[in-house]
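Below: one structure, written as structure tokens.
The values are calculated or read from the model by the stated rules, or taken from the named source; none is laboratory data. As the structure is a computational prediction, the values presented were derived from the model and not from experiment. FYI the Cβ positions are ideal-geometry reconstructions off the backbone, even for glycines, and counts take in every protein chain you see.
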Amino acid sequence: DAKTTQPTSMDCAEGRAANLPCNHSTISGNEYVYWYRQIHSQGPQYIIHGLKNNETNEMASLIITEDRKSSTLILPHATLRDTAVYYCIVRKNYGGSQGNLIFGKGTKLSVKP
Amino acid sequence: DSGVTQTPKHLITATGQRVTLRCSPRSGDLSVYWYQQSLDQGLQFLIQYYNGEERAKGNILERFSAQQFPDLHSELNLSSLELGDSALYFCASTRASGFLDTQYFGPGTRLTVL
């Protein structure tokens, strides 16, 4: 699976958009970008995933650059409850049985009042 | 609430002991993954079961073993415990066993080895 690079930490003001970048310059054509978050020692929570098109759901938007070498997770109106570690994960698209997630260190997002 | 349950929530034990952690997947999910999260190693995949069969292994120590029962709940057995086994242990479940299935995580079991 391709390696990802994320900033160690970021701050965001409550009510503002939080934009979390992820670099995955070695991504291959059949790899998806996934985002999970972990709120203080709770189980990781799925947020969103995409292949090459931008995606949006009730939690966030995912913008993937045209060359697919980087992506940005956008939380449109961050709240204090969005304070968490955000993990960007690249997953291979192949038929087979191994579906485990490979977590890096993620970005610690602190939403401040 | 992800629908995945884990028991116990906390476990404190001594070195050399053996413990069993339990995970019940979401209704209808056939696959269970186990992960360990320690301060120095981050979240690491241990092992996956699908419909009762072991499907994939990660960084799981020989002292650790797991199984998935006919009712699809899974147990992770940790034996000859060492201080370094202190960690959060999470299980996650998916509908199938494939690479794109969204994994839903349980709340975890915090293991403290004294």
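Quick check on region A:43-55. Is at least one of its residues in a loop (DSSP other than H, G, I, E, B) and touching a Pro at 6+ places or on another chain (Cβ under 7 Å)? Within region A:43-55, one or more residues are in a loop (DSSP other than H, G, I, E, B) and touching a Pro at 6+ places or on another chain (Cβ under 7 Å). Scanning region A:38-54 for residues that are within 14 Å of chain B (Cβ to nearest Cβ) and within 17 Å of A:ASN23 (Cα to Cα), we see that the one that is surrounded by the fewest Cβ atoms within 10 Å (Cβ to Cβ) is A:LEU51. Note on region A:65-92: residues that are within 21 Å of A:PRO44 (Cβ to Cβ) and in contact with a strand residue (DSSP E or B) (Cβ under 6 Å, 6 or more places away or on another chain) total 18.
Restricting region A:1-44 to residues that are touching a His at 6+ places or on another chain (Cβ under 8 Å) and of a type in the set (Ser, Thr, Tyr) leaves a set whose member that is modelled with the lowest pLDDT is A:TYR32.
Does B:THR102 qualify as being of a type outside the set (Lys, Arg) and outside any strand (DSSP E or B)? Considered against the rule, which asks whether it is of a type outside the set (Lys, Arg) and outside any strand (DSSP E or B), B:THR102 comes out as yes. Can you tell me how many residues within region B:32-55 are within 24 Å of B:ASP71 (Cα to Cα) and over 12 Å from the mean Cα position of the chain (by Cα)? Within region B:32-55, residues that are within 24 Å of B:ASP71 (Cα to Cα) and over 12 Å from the mean Cα position of the chain (by Cα) number 6.
Looking only at region B:56-102, residues that are under 13 Å from the mean Cα position of the chain (by Cα), surrounded by 21 or more Cβ atoms within 10 Å (Cβ to Cβ) and within 9 Å of chain A (Cβ to nearest Cβ) come to 3 in all. Residue check: is B:ASP1 over 19 Å from A:LEU101 (Cα atoms) and part of a loop (DSSP other than H, G, I, E, B)? In short, yes. May I ask you to verify whether B:CYS23 is within 24 Å of A:ARG37 (Cβ to Cβ) and more than 9 Å from every other protein chain (Cβ to nearest Cβ)? Yes; evaluated as a whole, the condition is true for this residue. Residues that are loosely packed, with under 13 Cβ neighbours inside 10 Å and either free of Cβ contacts under 8 Å to residues at least 60 places away in the same chain or within 11 Å of another protein chain (Cβ to nearest Cβ) (or both) within region B:26-51 comprise B:SER27, B:LEU39, B:ASP40, B:GLN41, listed in sequence order. Which of the residues belonging to region A:1-42 are over 21 Å from B:PHE45 (Cβ atoms) and in a loop (DSSP other than H, G, I, E, B)? Listed by number, the residues that qualify are A:PRO7, A:THR8, A:GLU14, A:GLY15, A:ARG16, A:ALA17, A:SER25, A:GLY29, A:HIS40.
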